[in-house]
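Notes follow once the structure below has been shown.
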Amino acid sequence: RNYNVNPQLGRWVNSQRYLFKKRLIGDKRGQKMSDTQFELLENIRFYYETYEDCTSSYMKWDEYFDQLCKHKEACGTLQVDPQIHPQLAKWIYRQRVLFQKLEDGKQVSLSYEQVEQLQAIGFEFEGRKSWDERYDELCEHLALNGRNSFSIDRKENFGLSQWIYFQRRDYAQMKSRNETSKLTPERLELLDKIGFDWHLDSHTDWWEK
């Protein structure tokens, strides 16, 4: 858009678009924009593409996801070169940014169903908390809410709620199939020590809580 009435604003918007796009693809030139500035622009749904970019390259979430699946099938990896596939690389970066906000309990455009779709193809969300960090978070939750409060609303704390579900699922699979599990003896002992509730809801029941 031409800012004939306010050319200074037009120049500022263009410079923000440049920095915003660089941050989205992890380009170090985007570091000139601070985390706070990036978040403020994202919160107002800042259009970082020009009108021409939007009309020529805009795709829906499902279309980007399908593109990522095809890329994995063809290349054997989910790593995308931003020089070759700039739009897909921006989209991937955005999913990671949104997921971190989702874990913090913020309202974002990334849905729980979309998170599961990405996890199902092996997508890694950078910045994800480690097992030990989640365990400490659970201990803190129990200290504040009672020793038996293992039922956590996924809408309030998606990350911890999903982590609890995964521990129960891994435990059930290990018991029923006698398979190797991510639940090591040390982790089992730590969870038993805090009286962990191993009752596994069906995935549907957990999702609807």
Would you mention how many residues in the stretch 58-80 are open to solvent by 70 Å² or more (accessible area, probe 1.4 Å) and part of a loop (DSSP other than H, G, I, E, B)? 3
Of the residues 200, 191, which single one is outside any loop (DSSP other than H, G, I, E, B), among the aliphatic types (A, V, I, L, M) and surrounded by 10 or more Cβ atoms within 10 Å (Cβ to Cβ)? 191
Long-range neighbours under 9 Å by Cβ, at least six apart or interchain, first residue more than 19 Å from residue 183 (Cα to Cα) and among the β-branched types (Val, Ile, Thr) within the stretch 118-130, second at pLDDT 80 or above and open to solvent by 50 Å² or more (accessible area, probe 1.4 Å): 121/72
Out of all the residues in the stretch 67-88, which are modelled with pLDDT of 80 or more and over 20 Å from the mean Cα position of the chain (by Cα)? 70, 73, 74, 75, 76, 84, 85
From 11, 23, 29, 45, grab the single residue that is assigned to a helix (DSSP H, G or I), open to solvent by 50 Å² or more (accessible area, probe 1.4 Å), among the basic types (Lys, Arg) and at pLDDT below 80. 29
Among residues of the stretch 91-138, those that are of a type outside the set (Val, Ile, Thr) and in a helix (DSSP H, G or I), counted: 27
Leading residue by the ranking (modelled with the highest pLDDT) among those in the stretch 139-158 that are within 21 Å of residue 199 (Cβ to Cβ) and part of a helix (DSSP H, G or I): 139
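The values are calculated or read from the model by the stated rules, or taken from the named source; none is laboratory data. Given the structure is predicted, the values throughout are model-derived calculations rather than measurements. Glycine also receives a Cβ, built like all others from the backbone with ideal geometry; neighbour counts cover every protein chain displayed. To get the accessible areas, we keep the full protein, side chains included, count just its heavy atoms, and leave off ligands, DNA and RNA. Shrake-Rupley method; radii C 1.70, N 1.55, O 1.52, S 1.80 Å.
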